[in-house]
Structures are given as structure tokens and as C-alpha cells.
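Everything on this sheet refers to the single structure shown next.
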Amino acid sequence: MAIPSHRSSAIQDTLLRCRRQFLAVGLFSLCVNVLMLTSSLYMMQVYDRVLASGSTETLVLLTVIALGALGVMAALDAVRSRVLGRLGTWFEAHLAPEALSRGLEAALSDLPYRAEALRDLGLIRTCLTGPGMLALFDAPWVPVYIAAIYLIHPMLGHVAVAGALLLFALARLNEALTQRQIRTAGERAMAAARTAEALMRNAEVIDAMGLHNSLTAHWQQQNHQALRLQEQAVERGSLISAITKAVRQALQMAALAVGAALVIQHEATAGVMIGASIILSRALAPVEMAIGSWRNLVQSREAARRLNALFDRSRIRPETLALPKPRGHLSVEGLVYAPSPTAPLLLRGVSFTVQPGEALAVLGPSGAGKSSLARLLIGTRRPRAGCVRLDGADVANWERGEFGQHVGYLPQEVALFDGTVAENIARLGAASAAEIVDAAQIAGAHELILRLPQGYETRVGEQGGLLSGGQRQRIGLARALLRRPRLIVLDEPNANLDAEGEAALNQAIAAMKRTASLRPTAGAAGPQIAQIVQPLSQE
Ligand SMILES: Nc1ncnc2c1ncn2[C@@H]1O[C@H](COP(=O)(O)OP(=O)(O)OP(=O)(O)O)[C@@H](O)[C@H]1O
Ligand SMILES: [Mg+2]
């Protein structure tokens with residue numbers, strides 16, 4: 001991936017890579033802003049020249065020039081929005097894979113900010129392509145417009161400066177009044193969304209035991225807090241927005257009034273009066289627009305802060321060199337493990353070895369740490385001390401894409417991917433039909449799969465929810481056995497199985513034994529088994 005892990009501003013750095021596009025948008029903005037003066041200049045000319053001279057030709061010529069300028073302005077405006085739109089798409093597409101993989105790492109480390117990272121990326125993209133961003137590009141031209149007004153008449157210039165200062169003060173006030181609310185509301189909304197997701201996963205239990213009301217109340221409390229804070233921010237923001245609009249109109253009137261006074265004193269013409277007032281309103285429009293979309297700007301700044309913190313975390317695995325295919329010597333050396341930094345030790349000095357062709361069954365009561373041991377064996381969790389080595393290499397540091405080719409894992413709670421049975425056994429990758437059927441046959445799941453409505457093409461639904469627990473487990477076993485990996489870790493593979501399923505499992509182990517001269521597993525019965533099956537090297 002192109003994004004190193006040590007920086008603290010991945011978002012800013014990625015945006016910096018688009019500096020040429022931003023520069024282009026800035027240049028287009030320059031032209032658009034100059035061309036925006038068209039209507040005021042046109043008005044001034046019509047008032048002062050056409051009306052004074054009574055020349056229709058001048059009027060026609062002016063109108064043609066002004067319309068041409070407006071056409072060019074519209075085209076440039078469209079182009080700059082388009083550039084920003086594409087930039088936003090590139091930005092999101094560029095960072096999304098990294099955000100997803102960081103989210104997965106957060107999930108593995110039991111940290112809360114996971115899929116939210118993708119939502120935050122979307123938020124930043126929307127902001128990049130929205131009106132707030134264009135306002136930011138237009139803002140640098142405020143002083144230029146004001147200078148133009150000074151050139152028309154210093155008195156009008158003073159009005160413009162006073163107006164700009166007033167509006168900037170309102171923008172600052174807006175920031176001060178809403179920033180905290182927007183930030184906290186974002187955090188609360190995320191917590192509420194997480195609660196809602198957890199509720200969805202437990203829909204059955206909630207329905208069966210009538211937990212709907214109490215759990216909804218819990219969620220609603222969180223959501224309500226978020227909504228209240230958001231409402232507060234919106235109320236304050238819209239109050240300031242309303243004041244801003246009124247102030248801008250008042251300033252335009254003030255410019256007209258001052259202009260009129262100048263006309264009366266013969267210091268300016270009527271055209272100048274109207275032109276200056278229009279330029280002024282144009283000059284202050286970006287400030288008003290920025291205040292209007294302030295919430296988006298702050299929200300995406302917060303999103304960038306959260307994403308930077310996520311990207312800033314150290315990777316759970318260092319980048320390592322490619323290793324040759326292991327023969328299958330598993331050695332567990334003095335494992336000490338606690339599931340969380342604050343939890344008491346679960347494993348204290350566990351050591352054993354499994355040779356190629358050996359099978360090992362681990363037995364123990366609930367909560368003994370069997371599943372935890374299985375996760376350590378496949379390197380998904382890291383021990384406090386000691387290590388698990390496959391052919392001498394630490395499994396926790398093994399590059400995942402490669403390690404996965406040599407390993408089969410069946411978790412205790414089998415959740416399949418939303419796809420067909422064949423896609424699941426193929427681990428969503430490119431496996432041949434022969435390899436898929438081979439894995440299913442060793443797992444003793446081939447007949448079971450053929451009995452499904454569309455056989456191997458049957459869709460399993462989200463998490464495999466369209467299948468029974470036993471069917472899921474047997475297809476999960478086939479997925480673990482794809483291409484006969486060197487290390488197979490099965491966590492309670494018989495938990496959901498009927499007699500036929502148990503027989504199929506035992507046959508699967510026997511079949512693996514035949515193909516890899518396995519020793520039979522010890523005590524492969526009973527529900528509390530974390531089973532580690534280790535086929536013989538096929539070299
Ligand atoms: N992510 C975690 N954070 C904190 N504690 C955890 C975590 N995962 C597991 N534990 C704790 O570790 C202990 C062992 O859990 P584990 O799942 O390894 O047990 P097990 O032997 O597989 O049990 P079972 O037979 O019920 O599946 C439990 O007490 C559990 O509460
Ligand atoms: Mg377990």
C-alpha cells in the first residue's frame with residue numbers, strides 16, 4: 001500500500017498529492033471570480049455610457065460581450081466543480097482500501113472505530129466537492145473585490161472593509177458556538193450507530209424475549225443525545241446564517257446609500273453606485289456561503305482527525321519478507337496470553353509441538369482458553385510472551401495473504417461470506433471447480449451441498465444465515481480444507497453437528513489422514529474441543 005504507517009496526517013498528505021488539481025481549481029476560480037464582475041461592469045456601462053449617449057450599437061455590443069463572458073464563466077465554473085468531483089472520487093477510492101484494512105485491524109484489536117472510517121471518508125469526499133469547498137476557493141478574492149471597490153471610491157471601500165470584518169466576526173462566532181456540539185454529536189451518533197448494529201445482529205433474541213422496548217430505550221438515549229447536540233449546532237448555525245444574510249443585504253443597502261450620497265454630491269455616477277453595490281455583495285458571498293456550510297466543513301475536519309488517528313496507529317503486523325511454503329512443523333513456545341491488557345492471564349507458559357502428519361486435540365471447560373489458543377495458533381492474536389512458530393517462523397508476523405494459503409481455520413462461530421457455497425469454499429478467490437469439489441469431498445460436505453436447492457451455486461445469505469448451523473459448519477470445514485493446507489485449526493468443529501455430521505467430520509479427519517498419513521485425533525468427541533489438525537507434508 002502506498003501509505004506508510006508513521007505519519008500523522010495521511011489525509012492532508014493524500015490531498016497534497018492533488019495539489020495540481022487544487023491549483024487548477026484555484027486558477028479556474030480566479031477566472032470565474034473575475035468574470036463574476038461582468039454583470040456589475042455591464043450595469044455601470046449601460047447606466048453611464050448607453051443611457052448617456054443613447055447609442056443602441058454600444059448597448060448591443062456590450063450585451064454581446066457580457067453574454068460571452070457569462071458563457072465562459074459558466075463553463076469554467078462547471079469545469080472546476082467537475083475537477084473537484086473527480087478529485088473527491090479519487091481521494092475516496094485511494095484511501096478506502098487502507099481505511100478498510102485499518103478498520104479490520106481495529107476489529108481484531110477490539111477497538112471501536114471500524115466501518116466508521118469508510119463513512120468518514122465519504123463525509124470528506126462530500127465536503128471536498130460541495131459548496132463549502134468552492135466558497136473556500138472564492139474567499140481569497142474577497143480582498144481583490146474590496147480593492148476594486150476602493151478604486152471606485154474610497155468611501156465605498158470603507159463600507160466594504162467594515163462589512164467584511166463584520167461577516168468574518170460572525171463566521172468566527174459561528175465556529176466558536178457550534179464546533180464542540182458538532183464534534184460531540186458526531187461521536188455520540190457513531191456510538192448510537194454501533195449500538196443499533198449490535199441490536200440488528202441480535203434481532204432474534206430481542207424478538208423472542210421481548211427485549212425490544214428496553215434495548216430500544218438504551219439506543220434511543222444515545223441517539224437522542226446526538227440529535228440534541230446536532231439540533232443545537234444547527235439552531236445556532238442557522239441563527240448566525242440568518243443574521244449573515246440580513247447583514248449582507250444591509251451592507252448592500254449601505255453601499256447603495258453611500259453611492260447615492262456620492263451621486264448627490266456629484267462625486268460618482270448612478271452606474272458606479274449600482275455597480276459598487278453589486279460588487280460588494282459578490283465580494284461577501286463566499287463568507288456567507290462558508291458560514292452556511294460550516295457544519296460540513298467542521299464535520300469533515302473531525303472526520304479527518306479521526307482518520308488520521310486511525311492511520312497513525314502502528315500496524316498489527318510488520319511488513320515481512322516472503323517465506324517459502326512451510327513443511328508443517330508447529331512449535332508453541334512458552335505462550336503467555338491475556339485477551340486484553342487489563343484481563344488476567346489466560347494462558348501461562350503453554351508449550352507443545354506438532355509434527356507434520358500429527359493431529360492434536362485440546363480439551364477443556366468453557367472459558368478455559370481453547371478458542372484463544374486457536375487464535376494464537378493462526379497468528380490473529382499476539383501472545384504477551386512466547387511465540388507460535390510454523391517451520392521456525394513466527395505466525396503472528398507472517399504476511400497474511402501468503403500465510404492464508406498454508407492455513408485452514410474454522411472458527412467456533414462459523415460466519416460465511418455473502419455469496420454462493422462455491423464462492424465460500426473458494427474463499428472468494430479463484431479456485432478451480434476441481435479444487436472446490438475436492439475440499440467439499442474431504443470435508444464430507446459434497447452430498448450435503450448437492451442436496452441444496454442450487455447445489456454449489458446456492459446463495460448462503462449474510463453470514464451464511466440461509467443455511468442451518470450444521471450446514472454452515474460443514475461448508476466452513478470445506479473452506480478450511482481448500483487446497484489441503486499445511487496447518488488446519490478447527491475450533492469446536494463438531495459443535496453444531498448431528499450424528500451424520502459427526503460421522504462426516506470423523507471421515508474428513510480420516511480422509512486427511514489417508515492423504516497426509518494423519519494420526520487419529522485424541523478425544524474428538526464432546527462439545528468442548530478446539531482441534532488442531534496437522535496434515536503431513538506432501539513433499
Ligand atoms: N476479546 C476479549 N476480551 C476480553 N476477554 C476475552 C476476550 N476474548 C475472550 N476473553 C475471555 O477469555 C476467556 C477464554 O475465552 P475462550 O473463548 O478462549 O474460551 P474457550 O475455552 O474457547 O471457551 P468455550 O468452550 O466456551 O468456547 C473467557 O473468560 C473470555 O471471557
Ligand atoms: Mg471456544
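How about the range 325-380: which strands (runs of 3 or more DSSP E) wholly inside it have at least 1 residues that are within 13 Å of ligand 2 (Cβ to nearest atom) and under 23 Å from residue 406 (Cβ atoms)?
Per the criteria, 359-363.
Can you pull out the residues in the range 485-505 that are buried (at least 17 other Cβ atoms within 10 Å of the Cβ) and more than 16 Å from ligand 1 (Cβ to nearest atom)?
Residues satisfying the conditions are 485, 486, 487, 488, 501, 504, 505.
Give all pairs with beta carbons closer than 9 Å in which a residue from the range 407-433 that is farther than 17 Å from residue 380 by Cα meets a residue that is within 16 Å of ligand 2 (Cβ to nearest atom); count only pairs at least 6 apart in sequence or on separate chains.
Final answer for the pair search is 416/476; 424/476.
Among the residues of the range 393-417 satisfying the criterion of being part of a loop (DSSP other than H, G, I, E, B) and touching a strand residue (DSSP E or B) at 6+ places or on another chain (Cβ under 8 Å), which is nearest to ligand 2 (Cβ to nearest atom)?
So the residue we want is 412.
In the range 474-488, how many residues are under 32 Å from the mean Cα position of the chain (by Cα) and assigned to a loop (DSSP other than H, G, I, E, B)?
Residues meeting the conditions: 1.
For the range 358-370, give me each residue that is within 11 Å of ligand 1 (Cβ to nearest atom) and buried (at least 18 other Cβ atoms within 10 Å of the Cβ).
Passing the criteria: 362, 369, 370.
How about the range 408-431: which of its residues are away from ligand 1 (no atom under 16 Å from the Cβ) and buried (at least 21 other Cβ atoms within 10 Å of the Cβ)?
Scanning the range 408-431 gives 408, 416, 421, 424, 425, 426.
Given the structure, is residue 303 in contact with a Gly (Cβ under 9 Å, 6 or more places away or on another chain), in the same structural domain as residue 42 (by TED's automatic domain parsing) and at pLDDT 90 or above?
For residue 303, the condition - in contact with a Gly (Cβ under 9 Å, 6 or more places away or on another chain), in the same structural domain as residue 42 (by TED's automatic domain parsing) and at pLDDT 90 or above - is met.
The values are calculated or read from the model by the stated rules, or taken from the named source; none is laboratory data. Just so it is clear, the structure is predicted and the values come from calculations on it, not from any experiment. A quick note on method: Cβ atoms are made from the backbone with ideal geometry, for glycine too, and the neighbour counts reach across all protein chains shown.
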